[in-house]
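So the structure is just underneath, and the comments pick up after that.
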Amino acid sequence: MGTDGSDQGAAQSLPLSPPALEPRAPADPDFALMGDDLLAKKARRRKLEDLMSVETLQKIQDNFSTAVGVAMVIVDPKGEPITKPSGFSSFCNAIRKHPEWQQRCFHCDAVGGQAALSTGEPSIYKCHCGLMDFSAPISIRGEYLGAATCGQVKLAPGETMPNLMDLSGLFPTEQAWRENKELLGLFGQTGEITYEQLRAAAYSLHYFASYIVEESYNKTISEELYRNQLKLMEESKLRAELESSLREAELQALSYQVNPHFLFNVLNTIGRLALVEDAEQTESTVHAFADMMRYILRKSGSPFVSLGTELEHVKNYLYLLQVRLGDRFTFKIAFPDEVCDVSCPFMALQPIVENCINYAIEPCESDGLIEISANLTGSDVVVDISDNGEGITHERKMQALAGTAGDGKRRSIGISNIDSRLRHYYGEDHGLEIVSPYRDGKGTLVRLRLPVDFDPGAV
């Protein structure tokens, strides 16, 4: 947007005080200006900070502002900032130093968020100083929590904006700030943007705001579901049923954190950002991502899939990682057609492959290798997943199987959960096997054995 977000020391004390707030209704008769009392009622009791920490919101906001190239702030229903501004223009930093003008900025942010809430689409509008802003509402189950607001730019010469909501006339003497030479000079330095860029960025913001709500709300629902599951198990007092159900609950807690609306909104966002950034080759990556998400979010109630389907999912997963990591690693997947229809627990392979990436491929700068094979051996299909990393110690191997190793819950739950599920479904003699000489380059091999004659309908 052409500004660096610094205030450059300008307008430390503005000699010209704006008059008291005297709001008038916008020119658009279909939009009613929301008063503070109504905004308070709309906010109800829940706050956005209750669903996601301010620190997390700040990190997401900073990354979005940098990627799209526009100023951004997340505000509450009254337009007051929840986060620190990201990429703000020098003009906006300066004018917000004065309390009266700052309140007008807050009011415009509140009106923009409410306008977007009423239509369900991103709201593009002209602020009280005449700059272009756009907002996307953050709401959940009809409860308005605030808005993500971006902009602080001017339309490029010759560009027009149809059906623009103009808030520059909200206050009778609003343009008085133009008598301040410092502010006027900073206003002239504000960046310009085309209508198409503005619209694409606005819709990217819309999907971004949806992500904030869906990710946070889904996590809350997941935790509540998990707590209810534990309560039910405590009341049953049946140890065998408890152990079985907790394994399933761990999988559900992981899957509930992946919200289908958010994931497919990501695909739309990629397309919108491609327009802004002139990206040319994203089709294969988007298709692989979409196939992977459809697999994860499948509607089947069975905890089993075919081995061929599971291997295809892992192939898409490794392809996406290869796009990100470039030539730092290669992968090989080999299996005969005769093993494709054998039943396999859903998501039994990806967590193992993910460990290979995290602990063997990521630390290496080049020449990483992951090999996956599946072969019929007696009454089982043996699936081997290996890497060429430095390997792991016997102690760490035992910790991984017990669910106590790693840099967080994902590693522990992933390996331990797969081992528990295999033993639960197939018997104690069908747990995971981990082999590693713990020598650089010798790597680690993880082996699964899937009975050929297993009937998933009997589970």
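The values are calculated or read from the model by the stated rules, or taken from the named source; none is laboratory data. All values derive from a computational prediction rather than experimental measurement. Cβ: placed from backbone, ideal geometry, glycine included. Neighbour counts: every protein chain shown.
Hey, does the range 74-90 have a residue that's assigned to a helix (DSSP H, G or I) and either buried (at least 22 other Cβ atoms within 10 Å of the Cβ) or of a type in the set (S, T, N, Q) (or both)?
Within the range 74-90, the subset assigned to a helix (DSSP H, G or I) is 90.
When the remaining residues are screened for being either buried (at least 22 other Cβ atoms within 10 Å of the Cβ) or of a type in the set (S, T, N, Q) (or both), the result is 90.
Looking through the range 74-90, at least one residue is assigned to a helix (DSSP H, G or I) and either buried (at least 22 other Cβ atoms within 10 Å of the Cβ) or of a type in the set (S, T, N, Q) (or both).
Farther than 22 Å from residue 288 by Cβ and in contact (Cβ under 8 Å) with a residue 12 or more places away in the chain, is that true of residue 373?
Here the answer is no, as residue 373 does not meet what is asked.
Would you be able to say whether some residue in the range 144-165 is of a type in the set (Asp, Glu) and either part of a strand (DSSP E or B) or at pLDDT 90 or above (or both)?
no
Take the residues in the range 118-129 that are in contact with a Phe, Trp or Tyr (Cβ under 8 Å, 6 or more places away or on another chain) and not aromatic (Phe, Trp, Tyr), then tell me which one is farthest from residue 70 (Cα to Cα).
If we take residues in the range 118-129 being in contact with a Phe, Trp or Tyr (Cβ under 8 Å, 6 or more places away or on another chain) and not aromatic (Phe, Trp, Tyr), then 118 is farthest from residue 70 (Cα to Cα).
Just to be sure I understand the filter: pairs with C-beta atoms under 7 Å, separated by 6 or more residues or on different chains, first member in the range 415-438 and more than 15 Å from residue 391 (Cα to Cα), second member surrounded by fewer than 15 Cβ atoms within 10 Å (Cβ to Cβ) and not small (Gly, Ala, Ser). Which pairs pass?
Every condition considered, the pairs that remain are 425/459.
Just to check your reading of the model, which residue among 363, 351 is at pLDDT 85 or above, farther than 16 Å from residue 447 by Cβ and not charged (D, E, K, R)?
On inspection, the qualifying residue turns out to be 363.
Assess whether residue 140 counts as being under 25 Å from residue 216 (Cβ atoms) and at pLDDT below 90.
Criteria met by residue 140.
Picking from 390, 338, 371, 395, which residue would you name as being part of a loop (DSSP other than H, G, I, E, B), assigned by TED's automatic domain parsing to the domain that holds residue 420 and more than 21 Å from residue 421 (Cβ to Cβ)?
390
Does residue 379 satisfy the condition of being within 29 Å of the chain's Cα centre (by Cα), more than 19 Å from residue 334 (Cβ to Cβ), in the same structural domain as residue 414 (by TED's automatic domain parsing) and not hydrophobic (A, V, I, L, M, F, W, C)?
Values: within 29 Å of the chain's Cα centre (by Cα): no; more than 19 Å from residue 334 (Cβ to Cβ): yes; in the same structural domain as residue 414 (by TED's automatic domain parsing): yes; not hydrophobic (A, V, I, L, M, F, W, C): yes.
Answer is no for this residue.
Out of the residues in the range 204-236 that are hydrophobic (A, V, I, L, M, F, W, C) and under 30 Å from residue 65 (Cα atoms), which is modelled with the highest pLDDT?
Step one: list which residues in the range 204-236 are hydrophobic (A, V, I, L, M, F, W, C), which gives 205, 208-209, 212-213, 221, 225, 230, 232-233.
Narrowing the set further to residues that are under 30 Å from residue 65 (Cα atoms) leaves 205, 208-209, 212-213, 221.
Working: 205: 81, 208: 75, 209: 76, 212: 68, 213: 73, 221: 75.
Per the stated criteria, the residue is 205.
Within the range 142-150, does at least one residue satisfy the condition of being free of Cβ contacts under 8 Å to residues at least 24 places away in the same chain and in the same structural domain as residue 73 (by TED's automatic domain parsing)?
yes
Scanning for something modelled with pLDDT of 85 or more, farther than 30 Å from residue 459 by Cβ and outside any helix (DSSP H, G or I), does the range 417-428 turn up at least one residue?
For the range 417-428, residues modelled with pLDDT of 85 or more, farther than 30 Å from residue 459 by Cβ and outside any helix (DSSP H, G or I): absent.
With the checklist (1) modelled with pLDDT under 90; (2) surrounded by 21 or more Cβ atoms within 10 Å (Cβ to Cβ) in hand, flag the one item residue 135 doesn't pass.
Unmet condition: (1).
When the range 341-353 is examined, which residues are found to be assigned to a loop (DSSP other than H, G, I, E, B) and under 32 Å from the mean Cα position of the chain (by Cα)?
346, 347, 348, 349
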